[in-house]
Amino acid sequence: MRGKITEHSYGLATKSGLLEVVFANYPSVPNAKTELPANRDQFVKDTRTKIVSEWSINYRGNPGMEFRCENPDSIFVVRVYAIGQTIYEIAAGGYRKQIDFDEVNRFLNSFQLADGS
């Protein structure tokens with residue numbers, strides 16, 4: 001793929017963990033079959049976790065994946081979508097003793113593109 005990938009990241013620390021949205025704009029439409037697993041693998045590497053579950057999802061017909069990864073101290077739940085020329089990563093997690101799964105689910109389920117897509 002030629003051209004520059006532009007990435008944006010926004011995070012919020014809460015009492016029980018971390019909420020994060022990352023999106024990367026590609027110069028052309030990325031191949032979801034390779035980019036979604038690549039994003040998952042990079043997240044797991046960056047957080048030093050292991051995948052404990054994973055399944056396919058979609059956002060209004062656009063391909064995605066959700067996975068849960070853990071290490072002895074932390075748990076993360078992540079959704080990654082390929083929508084047009086953009087890969088979206090929505091992640092929530094925290095320390096095992098503090099994580100608020102209601103907050104995690106509210107955050108993950110709140111994902112919506114501003115243009116109504």
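List of remarks:
- Residue in the range 66-73 that is in contact with a strand residue (DSSP E or B) (Cβ under 9 Å, 6 or more places away or on another chain), surrounded by fewer than 20 Cβ atoms within 10 Å (Cβ to Cβ) and under 27 Å from residue 31 (Cβ atoms) present: yes
- Some residue of the range 94-101 being surrounded by 21 or more Cβ atoms within 10 Å (Cβ to Cβ) and either under 17 Å from residue 57 (Cα atoms) or modelled with pLDDT of 95 or more (or both): no
- In the range 108-117, the residues that are touching a residue at least 12 places away in the same chain (Cβ under 8 Å) and either outside any helix (DSSP H, G or I) or over 18 Å from residue 60 (Cα atoms) (or both): 111, 113, 117
- Search result, residues across the range 34-54 that are surrounded by fewer than 18 Cβ atoms within 10 Å (Cβ to Cβ), under 15 Å from residue 82 (Cα atoms) and in contact with a strand residue (DSSP E or B) (Cβ under 8 Å, 6 or more places away or on another chain): 37
- Enumeration of residues in the range 11-32 that are more than 17 Å from residue 77 (Cβ to Cβ) and either assigned to a loop (DSSP other than H, G, I, E, B) or free of Cβ contacts under 8 Å to residues at least 60 places away in the same chain (or both): 15, 26, 27, 28, 29, 30, 31, 32
- Yes/no for residue 84 being small (Gly, Ala, Ser), more than 23 Å from residue 14 (Cβ to Cβ) and surrounded by fewer than 19 Cβ atoms within 10 Å (Cβ to Cβ): yes
- Within the range 102-117, the set of residues being of a type in the set (A, V, I, L, M) and either surrounded by fewer than 10 Cβ atoms within 10 Å (Cβ to Cβ) or more than 11 Å from residue 21 (Cα to Cα) (or both) comprises 104, 113, 114.
The values are calculated or read from the model by the stated rules, or taken from the named source; none is laboratory data. The structure presented is a predicted model; accordingly, all values stated were derived computationally and were not measured. Neighbour counts are summed over all protein chains in view; Cβ atoms, including those assigned to glycine, are modelled from backbone coordinates with ideal geometry.
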